[in-house]
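Report on the following structure.
Where a number appears in this text, it was derived from the coordinates with a stated rule and is not lab data. Being a predicted model, the structure only gives us computed values, none of them experimental. Cβ sites come from the backbone with ideal geometry, for glycine too, and all protein chains shown count toward neighbours.
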Amino acid sequence: MLQIKRLSECTLEEAVRAWNAGFEGYYFPIQLTLESFLQRLVGEGLSPSLSIIAFHHEEAVGIVLNGIREFQGTLIAWNGGTGVAPAFRKTGIGTELMEATLDIYQQAGVELATLEAISENERAIGLYKKFGYEIVDELEYLQFPESVPRLDTKPFQVETTVPQRVSHLPFYKGGHPWQTQWQSVKEGEALLVKDEQGGDIGYAYYRRVFDEAGKHEKTILFQCEAHPARDDAEPILRFLLTNVFGTCSDEVVKVVVNIPVTHSSPTYSLLKEIGFQSTVKQVWMQKRMR
């Protein structure tokens, strides 16, 4: 007998067991400890009261992590991971988890449901399509193994700030994939490019990761965009990328998270021109709820 409970009704140990079982044999390792599971919940804005765990008798065999944010008056939900234990795959548990998830979204007044799926994961993509999700773009994780060359660009005024500031820009892409939104960039930094009158014409936000000894290990870029009305969008993007990555040594890993190939085409094209390589490819899927 299958029982579905809210994560808030379960112990953290049960949630971690459900996650690790659900993603056993996944395309890349995402096994979590109790501590890293909590970090994921908090860091990604995932809600225990909106997330669910499937139990077969007393065994946790499936999980969906969910979160809700508002952007420009629209309630947007994110499915931050659907997993089913290997022995229970192809038994309909994934379908029951998705039905329960969409019921939760309806009760919460969600208007747009979003998720990502590994591009090769045809079974998962087929399940999501069955529930009305559509592919709206392709996403890529990008990485550059060396020092990023300094890009030829004209100088601009630049202000260093925090990612929250970017959310107030009229051209901020707050509808982009969940993990690239400013709320997911804890301890992040941001750059605002200015025109001659001091108006904002471009932005980037990112996070630098340091090891326990304080050594710079990684720089992760989440968004880098120019004002869509600017004729000099490419120089603005070049300037931003130079300022984000230009001072990183060869040893520093340079990563771009879930960049939409079409919805951020100018930035994506420039990163590929520089030499960033794709490490993970996903599809970005959405479902209109109302």
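Using helices alone, I'd like the mean residue ellipticity at 222 nm for the chain: each DSSP H run of four-plus residues gives -39500 (n - 2.57), total over residue count, nearest 500.
Only helices count here, giving -7500 deg cm²/dmol.
If the elastic network links every pair of Cα atoms under 10 Å, which of ALA54, ALA15, ALA233 fluctuates the most in the Gaussian network model of the chain?
Among ALA54, ALA15, ALA233, the largest mean-square fluctuation in the Gaussian network model of the chain belongs to ALA233.
Let me check I have the definition right: for region 192-239, take the eigenvalues of the Cα gyration tensor, multiply each by 5, take square roots. What are those semi-axes in whole Å, largest first?
Over the Cα atoms of region 192-239, the semi-axes work out to 29, 11, 8 Å.
Give the residues of region 221-242 whose amide nitrogen is closer than 20 Å to a point set 7 Å from the Cα of VAL158 in the direction of its Cβ.
Counting only backbone N, you get 221-228, 230-242.
Hey, could you pull the Cα Rg and Dmax for region 142-283, both in Å?
14.2, 44
Under the 0.36 nm per residue contour assumption, what length would be gained going from the current alpha-carbon distance of GLN72 and THR279 to full extension?
71.3 nm
Under a plain spin-label model, where a point goes 7 Å from the Cα along Cα-to-Cβ, how far apart in nm are ALA213 and GLU234?
For ALA213 paired with GLU234, the spin-label model returns 4.2 nm.
What span do the alpha-carbon atoms of region 206-280 cover on each of the three principal axes, reported in whole Å from largest to smallest?
44, 25, 18
Using the Kirkwood radius built from alpha carbon pairs, what does the Stokes-Einstein equation give as D for region 59-194 at 20 °C and 1.002 mPa s, in µm² per second?
The diffusion coefficient I find is 119 µm²/s.
Under 18 Å from a point placed 7 Å out from the Cα of ARG150 along the Cα-to-Cβ direction: which residues of region 232-249 have their backbone N that close?
Those under the cut-off are 235-249.
Mind telling me which of GLU146, GLU251, GLU196 comes out most flexible in a GNM of the chain, alpha-carbon contacts under 10 Å?
Answer for the Gaussian network model of the chain: GLU196.
In nm, to one decimal, how far is the THR11 label point from the LYS194 one, both placed 7 Å along Cα→Cβ?
5.6
Over the chain, what is the relative contact order in whole percent, taking alpha-carbon pairs under 8 Å and six or more residues apart?
Contact order relative to length: 20 percent.
If one computes P(r) from the Cα atoms of the chain, what percent of pairs lie at distances over 27 Å? Write out the running numbers ahead of the final one.
Numbers: 18314 of 41905 pairs.
In whole percent, the long-distance tail amounts to 44.
Using the Cα atoms of region 2-110, I'd like the radius of gyration and the largest Cα-Cα distance, Dmax, both in angstrom.
So, for region 2-110, Rg and Dmax equal 13.4, 43 Å respectively.
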